[in-house]
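First comes the structure, then the notes that go with it.
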Amino acid sequence: MEKRAVFKSWWLPILFALPQILLILLFFYWPAIAVMKWAFTLEPPFGGVAEFVGLTNFDEVFADPFYWNSVAVSLIFALCGTCFTILVGLVLAIAVDRRLPGSGLFRFLYILPYAIAGPAAGMAFRFILSPERGLMASVNAAFPDFWNPAKYGAHALILVIVIFAWKWTGYTFIFLLAGLQSVPRSLTEAAAMDGAGPIRRAIDIQVPLLAPTLFFLLVIMMTEGFVGSDTFGIVHSTTGGGPNHGTEVMVFRIVDEAFKGLNYSGASAQSIVLIGLIMLFTFIQFRFIEKRVHYK
Amino acid sequence: MRLTVLQSALASILAATAFGAGPAHAEKTKFEFWYGLSGDLGERVQDACKKFNDMQADYEIVCTSQNSYDTTLQNTIAAYRAKKQPAITQIYDAGTLDMMLSGAFVPAKKLMADNGYTIDWTNYFSGIANYYATAGGELNSFPFNSSTAMFYYNVDAFQKAGIDFKPETWEEVEEAARKLKAAGFDCPLGFNFDTWQMMEQFSAIHNQPIATQGNGYQGLDAELVFNKTKFVDHVKFFKKMVDEKLFVVKTKQLGMDIVPAFTSQTCQMIQTSIADHGTIGKTLPEGVKWEVAMLPVWKGTQRQNSLVGGASLWVMAGRPEAEYKGASAFLNFLATPEMAQWWSTVTGYIPVTKTGFEAMKANGFYDKAPYKGRELAIASLTYTPTSQNTRGIRLGGFTQVRKEVSTALEAIFMQNADVQAELDQAADRSNAVLRRFEKTYAGQKLN
């Protein structure tokens, strides 16, 4: 049985959609158009006459070695963050799906970090993983300088990835759990009767049937890692992009360039490149990975 | 962070309603003042606003902290673009040129003359005024919270280590550091990557340029040259001291910044602003003897005046005429000798006018224990008449330049990068910032 609302007049649906359309125009298209304009001009901070400079802003961005550094850092951050959140989320989901005692409680606990704001998580982990006072202090006491995110860029990058993964695993977990619960019980039960162990069942039956969910999460998490507000919040509250550009992800660099450097034009050019990159990734994912995803 | 803004907004609304409820008061002209100080210093700004509001019946100033200097500049720009700018805003030293070229302000002298106040502009210490004035000496903004960098050392630790001199040269600092180390002090001198003391103040007192064109005063085509001056040797010296564990990096990221490192007696020597004099006096345990001195120079150097730091008050263009009457009344109020003295006492900032300073000296302010030593900041600022290299720094996008240099210092001290190569790179990148600034303001001239 199909239910469908039928609108008798043409203006009523438009009226209902209007608030949403206005919001999108106001908060998405308007700033986006301003960014497009600024990227090709030299925008004075206080406003006034902006001179058209063509592609100069882009040339400057591409000529900057630290810009390419931020692209690399962003890539590592998003890739590692995506892998972590999906893999750990999958393991947790399979565990909870087993309906062992207490899985209801764990389902609740696993999703909890998602409700915590990025900067707050960042501040908490700054203490938890502080080289002098936190969990790593005793390790550092035995092996001096084993862990020092203030000194080593790689350590700092691990730190921000861990925080990101901690925050977002609950999100992937919920999707994967929902996906698992839609896998027909009869399939796994039949496999169990044929003598397949839990790991074999997960690899051969559950994961392939989860492919659409996994693909969706891949796209979402890559985008989130690249441009998500948490990415900025975490980096801003923990490492401030340092040490020595070690955790300077693209979004952080854009904010820094615009507001610290008052270089609105350069930041706009970087934003446009970032949007282009995201589109490219999404395209690649749909073009090459989605082909291997089978929807029912 | 957000809470304080909310709180102050709430407080001002409450104050406004409470006031509106009062009977028989004529309508007051309200105007806004945004400032960048926070914490204890921010509270003192609120006190000043309250004093002003209590004193007269015509105007009401609404003061709102923007939490830090850079957010104040950012918010002022955003507000100006949206035509919602405050009447007065506090902009830090590094934002001076950005403001000067913005065309978005009313020059200090014009504002006061238009509103019938006569101010003796020569009363300002020239080292302070020059930073905020046109090349011709006309003040654009009002010097407000002014400071300079000083050298602090722990006298108790010095005595324990058997040091019987005051370190006036870097050679003596090294000697003191070695003795402190030998006496078992782990951090003889603590420092961070803040370029204000390490590069700007150092360059001024050694009469070294940071940029060509008189540090930018003579044109937007200035180029940075800090990678070719004595500053390079100075960084190399610091590097050597760090390698010998005589100087120790202390930053927030590493868990402790320099001022807490000094007040917790972890480090025995630091260079920081005179504005921290109050905090240091209050935080060090009672009975600990400490001293403040002018920044050390290298032996054989003819010491020059140091640079003023802190911020100044800018009056924004495009407000209703009535607000300018209020704003000028407030600025005149701040400039009175009583207010100047009060402000200087409760903070640590120096009095910006000669009469203010003389009055405080005459009162015996600087003879008493908690304030003793603060007069050295004035001595440092006025040590010599200003030269091309000590007048100030007038470079566009200077926040970014500072960031490039401090990133270079971070790489040098934390990751063993080559001193010359890193500073060269920082200079190149900073020059790119200046060139972009020059292009953005093409056709405009420095006045």
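Bear in mind these aren't lab numbers, they're just calculated from the coordinates by the rules spelled out. Since this is a predicted model, take the numbers as computed values, not measurements. Ideal geometry is used to build each Cβ from the backbone, glycine not excepted, and the neighbour counts take in all protein chains shown.
Toward the positive end of the charge dipole of the protein assembly as shown, with +1 on the Cβ of Lys and Arg and -1 on the Cβ of Asp and Glu, the farthest Cα among A:Leu23, A:Trp68, A:Ala39 is that of A:Leu23.
Dividing the mean sequence gap of close Cα pairs (under 8 Å, 6+ apart) by how many residues the stretch A:24-111 holds gives a relative contact order of 12 percent.
In a simple Cβ point-charge model (Lys, Arg +1; Asp, Glu -1; nothing else charged), the protein assembly as shown has a dipole of about 1660 debye relative to its Cα centre. When the charge dipole of the protein assembly as shown is built from unit charges on Cβ atoms (+1 for Lys and Arg, -1 for Asp and Glu) and taken about the Cα centre, the candidate among A:Tyr114, B:Trp342, B:Gly184 whose Cα reaches farthest toward its positive end is A:Tyr114. With K and R counted +1 and D and E -1, the other residues having a Cβ less than 14 Å from that of B:Met316 yield a net charge of +1. Ignoring GluC sites (Glu not before Pro) that are buried or in helix or strand per DSSP, and keeping those with at most 16 other beta carbon atoms within 10 Å, what is the longest stretch of chain B between them? Within chain B, the longest run free of exposed GluC sites (Glu not before Pro) spans B:287-447.
Both radii were evaluated on the Cα set of chain B; the Rg over Rh quotient, with Rh as the Kirkwood radius, amounts to 0.97.
Checked against a 19 Å cut-off, the cross-linked pairs B:Lys252/B:Lys289; B:Lys160/B:Lys236; B:Lys250/B:Lys403 give Cα-Cα distances beyond that limit for B:Lys252/B:Lys289; B:Lys160/B:Lys236. Assuming charge only on the beta carbon of Lys and Arg (+1) and of Asp and Glu (-1), the dipole of the stretch B:167-258 about its Cα centre is about 300 debye to the nearest 20.
Qualifying trypsin sites (Lys or Arg not before Pro) in the stretch A:1-72, where qualification requires a DSSP coil assignment and no more than 10 other C-beta atoms within 10 Å, comprise A:Lys3, A:Arg4, A:Lys8.
Per-residue Karplus couplings for the stretch B:67-78, computed as 6.51 cos²θ - 1.76 cosθ + 1.60 with θ equal to phi - 60°, are listed in order as 6, 8, 4, 5, 5, 4, 5, 4, 5, 5, 4, 4 Hz, Gly and Pro entered as x. Classify the stretch B:223-342 as rounded, prolate or oblate, taking a ≥ b ≥ c as the square roots of the eigenvalues of its Cα gyration tensor: rounded when a/c is under 1.5, otherwise prolate if a/b is larger than b/c and oblate if not. Since a/c reaches 1.5 and a/b is larger than b/c, the shape of the stretch B:223-342 is classed as prolate. Summing charges over neighbours of B:Gln341, with a neighbour being any other residue whose Cβ is under 15 Å away from its Cβ, gives +1 when K and R count +1 and D and E count -1. Of the beta bridges in chain B, as assigned by DSSP with both residues counted there, near 65 percent are antiparallel.
Chymotrypsin sites (Phe, Trp or Tyr not before Pro), restricted to the stretch A:217-296: which are DSSP loop and have at most 16 other Cβ atoms within 10 Å?
Qualifying residues, ordered by number: A:Tyr295.
For the stretch A:100-256, with equal point scatterers placed on the C-alpha atoms only and solvent neglected, what are the log10 I(q)/I(0) values from the Debye formula at q = 0.21 1/Å, to two decimals? Cα-only, vacuum Debye calculation for the stretch A:100-256: -1.23.
Assign one of three labels to the stretch B:66-111, namely rounded, prolate or oblate, based on the Cα gyration tensor with a ≥ b ≥ c the square roots of its eigenvalues; rounded applies when a/c is under 1.5, prolate when it is not and a/b is larger than b/c, and oblate otherwise. It comes out oblate by the Cα gyration axes. Here's how it looks for A:Glu51: its modeled amide H is under 5 Å from those of A:Leu42, which are all 5 or more places away or on a different chain.
Taking trypsin sites (Lys or Arg not before Pro) as exposed when DSSP calls them loop and at most 15 other C-beta atoms lie within 10 angstrom, chain B has its longest site-free stretch at B:85-244.
Once you reduce the stretch B:218-288 and the stretch A:180-257 to the center of their Cα atoms, the two points are 44 Å from each other.
Among rounded, prolate and oblate, which fits chain A when a ≥ b ≥ c are the square roots of the eigenvalues of its C-alpha gyration tensor, a/c under 1.5 means rounded, and a/b larger than b/c means prolate? It is oblate, given that a/c is not under 1.5 and a/b is not larger than b/c. Taking the Cα centre of chain B as reference, the dipole from Cβ charges on Lys and Arg (+1) and Asp and Glu (-1) amounts to some 360 debye. For peptide A:38-48, the mean count of partner chain Cβ atoms within 10 Å of a residue's Cβ comes to 6. The H on the amide N of B:Glu60, modeled in the peptide plane, is under 5 Å from the matching H of B:Thr29, B:Lys30, B:Phe31, each at least 5 residues off or on a different chain.
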